[in-house]
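Just below is one structure, and these are the notes that go with it.
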Ligand code: EPZ
């Protein structure tokens with residue numbers, strides 16, 4: 001396993017290029033299963049999760065021509081099984097469930113199992129499919145789904161689930177009649193998937209709002225789609241400017257997608273210059289403590305909670321950070337405390353008392369965003385930080401060391 005070595009206390013200055021959005025690319029790759037032919041996907045990010053998704057599609061019969069665009073050939077897709085050894089490495093594999101039952105009326109997908117940040121059940125995905133007439137059985141750790149036909153229906157999500165909304169949109173787009181998804185997720189990645197399905201011939205209204213209406217069509221055509229910039233990668237690098245008191249310009253980006261994060265970083269003392277497709281974040285010597293609650297979009301994203309917590313460890317004053325989406329997303333806290341942070345946890349709330357400095361230390365990544373948090377802390381800390389198990393990072397950040405070195409970081413990857 002690799003580890004990353006960082007020599008901290010260096011303000012970062014310069015421009016960071018932002019790659020395609022992981023959480024848009026994953027459902028869109030699954031959506032290629034909805035139509036035979038040759039799909040062309042531009043700006044697909046080079047990430048471990050994308051490689052896993054392609055392995056799964058290959059297992060189902062798809063083939064690829066590498067490059068930008070990535071060509072996905074789906075004429076010979078005939079498999080209907082997503083095996084445990086793939087799903088356990090990436091729970092987003094569950095996104096093939098909707099497209100497989102929509103196109104083939106049959107699917108056998110491993111239950112994702114547990115995850116570091118929470119139980120993350122898929123009951124809302126399965127309940128929604130049943131509302132469309134899909135027969136769901138759980139056998140030997142697998143979801144066995146089958147249907148004579150899919151009929152549109154009214155589906156209400158108890159929780160605005162992101163991939164649940166994606167899965168049901170992809171199932172309903174080929175169902176007979178109208179489907180209404182109520183309390184749907186409003187994330188930009190859901191809007192991007194809807195835009196992609198519409199380009200394939202789907203009929204979808206309301207994506208980005210809590211009520212999405214889908215009129216089923218009989219078949220879809222291949223897509224030619226460009227993946228939008230990754231809003232969490234973008235927000236992570238802006239936070240790097242804040243924590244190191246530097247100035248980083250990120251581009252391309254869609255500023256509206258990270259409005260909640262910019263608002264909170266401004267409260268913490270950062271300044272921003274914003275244009276149509278770039279943002280410059282300027283750190284301030286004094287970081288102010290702020291209170292944050294994670295919420296579904298357009299609220300503050302849970303995927304930025306660990307990263308902003310790292311910055312608040314250096315604030316003047318106290319910050320109260322409440323994680324309302326996942327039940328176990330504070331695993332970065334114990335590692336940050338090993339770097340000298342003063343954090344106490346009460347239930348789903350972390351109380352961060354800012355300190356003047358963090359000290360470099362050997363730390364261990366536990367999940368994707370926790371590892372980003374430890375890198376940010378290492379960039380600001382005095383001395384050297386070694387982050388182990390960086391395969392977590394590689395799931396969601398393309399060329400992280402290269403992008404950070406280009407703005408002045410002393411960062412290297414070594415074999416453990
Ligand atoms: C997506 O996960 C993202 N992953 C996550 O990003 C992100 O943290 C999460 O949305 C929240 O924004 C992808 O898009 C591939 P949810 P998802 O279903 O869809 C509960 C990252 O770092 N729930 O919106 O799995 C669930 O337990 C990853 O890139 C049910 O109870 O999240 C959670 O508490 C991490 N039953 C809440 O809803 C269900 O059937 C929100 O989960 C589904 C979800």
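Details
- Added length on full extension, which subtracts the Cα-Cα distance from 0.36 nm per residue, residue 203 to residue 324: 40.3 nm
- Packing around the peptides 310-316, 371-377, taken as the average count of other Cβ atoms within 10 Å per residue, puts them in this order, highest first: 371-377, 310-316.
- Virtual spin-label span in nm between residue 357 and residue 412, 7 Å along Cα→Cβ: 2.4 nm
- Distance between the 7 Å Cα→Cβ label points at residue 15 and residue 158: 4.9 nm.
- For the range 160-239, relative contact order (Cα pairs under 8 Å, six or more residues apart, normalised by length) works out to 32 percent.
- Potential lengthening of the chain between residue 278 and residue 2 amounts to 96.2 nm, from the contour at 0.36 nm per residue minus the alpha-carbon distance.
- Placing a pseudo-label 7 Å from each Cα along the Cα-to-Cβ vector at residue 215 and residue 123 gives an inter-label distance of 3.6 nm.
- Value of relative contact order over the chain, rounded to a whole percent, pairs C-alpha under 8 Å and six or more apart: 21 percent
- Highest to lowest packing among 159-165, 103-109, 216-222, scored as the average C-beta count within 10 Å: 159-165, 103-109, 216-222
- A Gaussian network model of the chain, with springs between Cα atoms under 10 Å, assigns the largest mean-square fluctuation among 327, 346, 401 to 346.
- Relative contact order (percent, whole number), the range 22-226, Cα cutoff 8 Å, 6+ residue spacing: 21 percent
- Considering only beta bridges that DSSP places wholly inside the range 159-244, some 90 percent are antiparallel.
- Listed from fewest to most Cβ neighbours within 10 Å, the set 97, 124 follows the order 124, 97.
- The range 5-69 and the range 266-333: distance between their alpha carbon centers, rounded to Å: 26 Å
- Of 406, 234, 30, the one that fluctuates the most in a GNM where the chain has Cα springs shorter than 10 Å: 406
Every number here is computed from the coordinates shown, using simple stated rules; none is lab data. This one's a predicted model, so the numbers in the text were calculated from it and none came from an experiment. For neighbour counting, all protein chains shown are included, and Cβ atoms are generated from backbone atoms with ideal geometry for every residue, glycine included.
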